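Trainee: My questions will all concern the structure given below.
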Amino acid sequence: MAPARTGRRLNPEEDVVGGSILPLVAFVLLVAIAVAVLAVVSTPSPATSDGDDGRADPQPLLGAPSARRARRHLDRVTVLAWLTFAAATGVSWLLVLDTGPGAGLVAALAPAAIGTLFLLVHLLGEITWPRPDGPVRRATLRHRQARHVIGTGLAVWAGTLGTVLVATLLATGFTADADGRAVSRTWPAGSSSAGPYPGWHYAVPLLGATAVVVLLTGLVLRLVVLRAAVDGAHEEDDLALRRSSGARVLAGAQLVLGLTAAGVLLVTGSAVRSIGLTPSGAGGPSGGPLAAVGTVLALAGPAIGLTSAVVAVVALVRSGARVAAPATVRG
């Protein structure tokens, strides 16, 4: 008697498009619009401050013309980057709907492609950052370190997301079927197969796209650390502008990594849970560890995506508040 084979092996592309990725893409679009608005409304222009004795402070605060010009440049780049994020999300949605057999791979790569465009806008913003143009130019002798500019919270979170994503893709790549699109389970009386599953067919392009996002993020943050100081501004205010720039870059980068990881975990969990739950009468064990692991992964995906969205919004709001508050006036 031939072994029974159970489990419906879905068309990987159709399942990705119809089951999980499209709602995720729609969610990205809404988040992108929301954070773009927040980036505008959360950074009011500060007024020029005077010293305690009523005279102009010899080293102007963030209301100085050059610092205000830098603030405006930062805000414009932020808005342009998030508008690009939103527009690219809409275009990617249309591509997913029209691609056909390759829609699943297009959907999987969409967040990284959107993130690459987002980071390129920030890269252009750093290249065109206003240069000092006053007759007297000041420069701090203190060495700027990346950890002082970038901070640790957002960087650690983004690094954690990247690690989870890479580890998951490596694990699914090695456990997938030969075609890299499904995963199977066998037992003495039969077998079960389910897809889509992010084997090497998906994992290799996703690993490459993730590497591009990580490298671009590092390059932009490096430019933030090394750019020329804002002419005529307090050292604390110049540092606040750098920290705000770094936070806005990382807000988008971690969102891209989080949404990519969310999609991968959701698809992985659904497939693993499917092969763990064998229909009655198929002669195989039902439920068990595989079903539990699949359920956990499927629930972890949306949770990570939602958390990344919240982190992006909070980071943007904080970055606006940081540059809106001038440094303490010194006598």
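The values are calculated or read from the model by the stated rules, or taken from the named source; none is laboratory data. All of these numbers come straight from a predicted model, not from anything done at the bench. Note that each Cβ is placed from the backbone with ideal geometry, even for glycine, and that neighbours are counted across all protein chains shown.
Trainee: Between a first residue in the stretch 97-118 that is without any contact (Cβ under 8 Å) to a residue 24 or more places away in the chain and a second residue that is polar (S, T, N, Q), which pairs have beta carbons less than 7 Å apart while being 6 or more apart in sequence or on different chains?
Mentor: That search, which allows pairs on different chains as well, returns Val106/Thr99.
Trainee: In a helix (DSSP H, G or I), under 16 Å from Leu123 (Cβ atoms) and touching a residue at least 12 places away in the same chain (Cβ under 8 Å), is that true of Val212? Steps first, please.
Mentor: Numbers: in a helix (DSSP H, G or I): yes; under 16 Å from Leu123 (Cβ atoms): yes; touching a residue at least 12 places away in the same chain (Cβ under 8 Å): yes.
Taking the combined requirement at face value, the residue satisfies it.
Trainee: Just the residues that are hydrophobic (A, V, I, L, M, F, W, C) and within 19 Å of Leu250 (Cβ to Cβ), please, taken from the stretch 72-103. Even if it seems obvious, please write down each step before you answer.
Mentor: Residues of the stretch 72-103 that are hydrophobic (A, V, I, L, M, F, W, C), as a first pass: 74, 77, 79-83, 85-88, 91, 93-97, 103.
Residues satisfying the conditions are Leu74, Val77, Val79, Leu80, Ala81, Trp82, Leu83, Phe85, Ala86, Ala88.
Trainee: Follow-up. Suppose we filter Leu169, Leu207 for residues that are in contact (Cβ under 8 Å) with a residue 60 or more places away in the chain and under 26 Å from Gly115 (Cβ atoms); which single one remains? Steps first, answer last, please.
Mentor: On the way: Leu207 fails: in contact (Cβ under 8 Å) with a residue 60 or more places away in the chain.
Unique residue meeting the criteria: Leu169.
Trainee: Another question, then. Just the residues that are among the polar types (S, T, N, Q) and closer than 21 Å to Val106 by Cβ, please, taken from the stretch 163-202.
Mentor: Going through the stretch 163-202, the residues among the polar types (S, T, N, Q) turn out to be 163, 168, 172, 175, 184, 186, 191-193.
Of everything in the stretch 163-202, those that are among the polar types (S, T, N, Q) and closer than 21 Å to Val106 by Cβ turn out to be Thr168, Thr172.
Trainee: So, one more: Would it be correct to say that Ala262 is modelled with pLDDT of 85 or more and among the hydrophobic types (A, V, I, L, M, F, W, C)?
Mentor: Judged against the criteria, Ala262 is a match.
Trainee: Kindly indicate the residue of the stretch 310-327 that is within 17 Å of Leu259 (Cα to Cα) and surrounded by fewer than 22 Cβ atoms within 10 Å (Cβ to Cβ) and also modelled with the highest pLDDT among those meeting that condition. Even if it seems obvious, please write down each step before you answer.
Mentor: Here is the first cut: in the stretch 310-327, the ones within 17 Å of Leu259 (Cα to Cα) are 310-315.
Okay, now just the ones that are also surrounded by fewer than 22 Cβ atoms within 10 Å (Cβ to Cβ), so 310-311, 313-314.
Working: Val310: 87, Val311: 91, Val313: 86, Val314: 86.
Looking at residues that are within 17 Å of Leu259 (Cα to Cα) and surrounded by fewer than 22 Cβ atoms within 10 Å (Cβ to Cβ), I get Val311.
Trainee: Sticking with this structure for a sec: Just the residues that are of a type in the set (Lys, Arg) and within 20 Å of Gly208 (Cβ to Cβ), please, taken from the stretch 165-193.
Mentor: Of all residues in the stretch 165-193, those of a type in the set (Lys, Arg) come to 181, 185.
Matches in the stretch 165-193: Arg181 only.
Trainee: Return only the number of the condition from (1) assigned to a helix (DSSP H, G or I); (2) surrounded by fewer than 24 Cβ atoms within 10 Å (Cβ to Cβ) that Ala251 does not satisfy.
Mentor: Checking Ala251 against (1) assigned to a helix (DSSP H, G or I); (2) surrounded by fewer than 24 Cβ atoms within 10 Å (Cβ to Cβ), the one that fails is (2).
Trainee: Check Gly218, Gly190 and return the single one that is under 17 Å from the mean Cα position of the chain (by Cα) and surrounded by fewer than 19 Cβ atoms within 10 Å (Cβ to Cβ). If you could, list the steps in order and put the result at the bottom.
Mentor: Details: Gly190 fails: under 17 Å from the mean Cα position of the chain (by Cα).
Matching residue, one of Gly218, Gly190: Gly218.
Trainee: Condition first: crowded, with 21+ Cβ neighbours inside 10 Å, touching an Asp or Glu at 6+ places or on another chain (Cβ under 8 Å), assigned to a helix (DSSP H, G or I) and at pLDDT below 85. Can you find one or more residues in the stretch 85-102 that meet it?
Mentor: no
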